[in-house]
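All remarks here apply to the structure that follows.
The values are calculated or read from the model by the stated rules, or taken from the named source; none is laboratory data. These figures come from a predicted structure and were not determined experimentally. Reconstructed Cβ throughout: ideal geometry from the backbone, glycine too, with neighbour counts over all protein chains shown.
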């Protein structure tokens with residue numbers, strides 16, 4: 001069941017399922033829904049609870065945990081370089097695979113919602129390009145290409161409200177380890193592009209947390225990627241990931257403050273960790289594979 005965090009009168013951060021957030025931006029004429037989640041909650045109803053404005057939908061990239069609720073809407077926008085990935089992830093294999101992994105954590109309502117939306121794959125796809133403007137009336141959202149996590153990942157710049165919505169492209173913990181990921185040099189170039197626009201935003205909001213991040217997270221991720229050393233990294237074990245490694249900065253802070261010595265312990269102790277530690281970039285990490293170096 002979804003819950004909503006009101007960031008401001010025009011920005012609402014919707015927790016669609018555990019650890020998965022969609023963001024609704026309200027303009028004077030239209031609203032923009034950024035990502036649609038895993039499909040476990042009726043994200044369309046969540047939007048209706050907030051506004052009756054016409055809604056545009058954009059995916060920050062093509063992964064199923066950002067696009068599985070697309071079926072609640074007639075059309076979605078996504079960068080042209082991730083159209084094929086979106087089509088792949090809306091297929092039966094990914095949808096059923098996610099259900100097998102997550103069903104034990106779903107309540108009956110979530111299961112019903114997921115079974116309903118996974119059958120709705122007839123929505124149309126409209127490609128986006130770097131520099132495109134999404135006009136909401138008094139609010140304009142600019143598409144900034146940010147290849148790294150995937151080839152067609154984007155960030156979205158809310159020009160009026162001075163927010164950067166980063167999807168999976170920028171947070172305290174970023175994956176550049178997938179078959180569809182770029183190499184680290186390309187991701188570093190994307191971060192440099194974002195940094196060149198940093199005078200145009202004050203806050204950052206990602207798709208996997210409620211923390212309103214400062215620009216320190218951008219600077220810290222640039223440093224993290226630049227300093228990345230295979231010899232100082234360690235194996236990263238997650239379901240469906242093979243031969244991946246994690247490079248971390250700030251783990252000593254986590255050890256001193258909370259007795260935490262690994263990323264897996266961070267995940268288990270999120271309720272104990274002060275939100276400002278993430279907002280101020282006191283811990284950063286990059287997951288990568290040798291193929292992405």
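Quickly run through segment 131-145 and pick out the residues that are part of a loop (DSSP other than H, G, I, E, B), touching a residue at least 12 places away in the same chain (Cβ under 8 Å) and either over 20 Å from the mean Cα position of the chain (by Cα) or closer than 18 Å to residue 76 by Cβ (or both). Of everything in segment 131-145, those that are part of a loop (DSSP other than H, G, I, E, B), touching a residue at least 12 places away in the same chain (Cβ under 8 Å) and either over 20 Å from the mean Cα position of the chain (by Cα) or closer than 18 Å to residue 76 by Cβ (or both) turn out to be 136, 137, 138, 139. Please tell me if residue 103 is in contact (Cβ under 8 Å) with a residue 12 or more places away in the chain, over 14 Å from residue 207 (Cβ atoms) and touching a helix residue (DSSP H, G or I) at 6+ places or on another chain (Cβ under 8 Å). No, not satisfied.
The set of residues in segment 146-155 that are in a strand (DSSP E or B) and surrounded by fewer than 24 Cβ atoms within 10 Å (Cβ to Cβ) contains only 155. Among the residues of segment 107-120, those that are out of contact with any helix residue (DSSP H, G or I) (no Cβ under 6 Å at 6 or more places or on another chain), surrounded by 14 or more Cβ atoms within 10 Å (Cβ to Cβ) and under 16 Å from residue 73 (Cα atoms) comprise 113, 114.
In the set (1) free of Cβ contacts under 8 Å to residues at least 24 places away in the same chain; (2) under 18 Å from the mean Cα position of the chain (by Cα), residue 84 fails one condition alone, (2). For segment 1-12, the candidate set comprises residues that are surrounded by fewer than 22 Cβ atoms within 10 Å (Cβ to Cβ) and at pLDDT 95 or above; within that set, the residue that is nearest to residue 44 (Cα to Cα) is 4. On the given criteria, is residue 209 in the same structural domain as residue 129 (by TED's automatic domain parsing) and within 23 Å of residue 4 (Cβ to Cβ)? Yes; evaluated as a whole, the condition is true for this residue. Summed over segment 34-49, the residues that are in a loop (DSSP other than H, G, I, E, B) and either at pLDDT 95 or above or surrounded by 24 or more Cβ atoms within 10 Å (Cβ to Cβ) (or both) give a count of 7.
Within segment 231-241, does at least one residue satisfy the condition of being in contact (Cβ under 8 Å) with a residue 24 or more places away in the chain, outside any helix (DSSP H, G or I) and touching a helix residue (DSSP H, G or I) at 6+ places or on another chain (Cβ under 6 Å)? Among the residues of segment 231-241, not one is in contact (Cβ under 8 Å) with a residue 24 or more places away in the chain, outside any helix (DSSP H, G or I) and touching a helix residue (DSSP H, G or I) at 6+ places or on another chain (Cβ under 6 Å), which makes the answer no. Scan segment 245-260 and tell me whether some residue there is farther than 21 Å from residue 154 by Cα, free of Cβ contacts under 8 Å to residues at least 24 places away in the same chain and part of a loop (DSSP other than H, G, I, E, B). Yes, segment 245-260 contains at least one residue that is farther than 21 Å from residue 154 by Cα, free of Cβ contacts under 8 Å to residues at least 24 places away in the same chain and part of a loop (DSSP other than H, G, I, E, B).
Of the residues in segment 164-186, not one is assigned to a strand (DSSP E or B), modelled with pLDDT of 95 or more, surrounded by fewer than 19 Cβ atoms within 10 Å (Cβ to Cβ) and in contact with a strand residue (DSSP E or B) (Cβ under 7 Å, 6 or more places away or on another chain).
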